[in-house]
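Asker: Here's a structure for you.
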Amino acid sequence: MLQAVLDTIPHRPPFLFLDRIDEIRADGVTCSRTFRADEPFYAGHYPGNPITPGVLLCEAVFQAAAIFLTKKLQGEGGVAADKTPVLCRIEEAKFKGMVRPGDTVSIEVKHVETLQQFHFMTGTVRREGKAVLTIRFALALVDKTD
């Protein structure tokens, strides 16, 4: 399952925050991640009471969106290897709960609209079915440089 993620986006550990692709739809994707207690960021992010950094939850959403865009481009006959999805806008990030070591989250991304090379999306991270993060953002597909 992790291999499907590795085959789709360029991110690699220790900066990969998806374990598997659960579902790809025409309008989005759902992925998941279990945060392990031995991950290095917990040592310094509230020692004794570790909390997953919100910015890493956001990054998990952005990585799921990159999976969606790459698969969408491949499905349309485009050459995904020639493009890199990059973040270009973050709006309305709302943190509604905490994610701790051992928690498994579901990361859902929905495509809202495309304007030229900009893809506007929403993301929700859920723990035990309850939203812990909602966010609006945009990614652009840019040409890879050598």
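Laboratory data are not the source of any read-out in this text; all were calculated from the coordinates shown. Keep in mind the model is a prediction, meaning the values are calculated, not measured. Heads up, the Cβs are rebuilt from the backbone with ideal geometry, glycines too, and the neighbour counts pull from every protein chain shown.
Asker: With +1 on each Lys and Arg Cβ and -1 on each Asp and Glu Cβ, and nothing else charged, work out how big the dipole of segment 1-117 is about its Cα centre, in Debye to the nearest 20.
Answerer: Numbers: 13 positive and 15 negative charges, 23 e Å.
For segment 1-117, the charge dipole is close to 100 debye.
Asker: Using just the alpha carbons, could you tell me how many Å³ per residue the convex hull of segment 2-143 encloses? Mind dumping the intermediate values first?
Answerer: On the way: hull volume 15.2 nm³, N = 142.
Once divided by residue count, the hull of segment 2-143 is 107 Å³.
Asker: Quick one: helix 54-75 against the long Cα principal axis of the chain, what's the angle to the nearest 10°, folded into 0 to 90?
Answerer: Result, in degrees: 30.
Asker: Past 25 Å, Cα to Cα, is the threshold; run Lys71/Lys144; Lys72/Lys130; Lys94/Lys130 against it and keep the listed order.
Answerer: Details: Lys71/Lys144 17 Å; Lys72/Lys130 28 Å; Lys94/Lys130 13 Å.
In this structure, Lys72/Lys130 exceed 25 Å between Cα atoms.
Asker: Once the piece of chain linking Ile51 and Glu76 is laid out straight, how much longer is it, given 0.36 nm per residue of separation minus the C-alpha distance between them?
Answerer: That works out to 5.0 nm of additional length.
Asker: Could you work out how much longer the chain between Arg20 and Asp38 gets when fully extended? Use 0.36 nm per residue separation minus the Cα distance between them, nm to one decimal. Provide the component values of the computation, followed by the final result.
Answerer: Working: separation 18, 0.36 × 18 = 6.48 nm, distance 1.91 nm.
Answer, rounded to one decimal: 4.6 nm.
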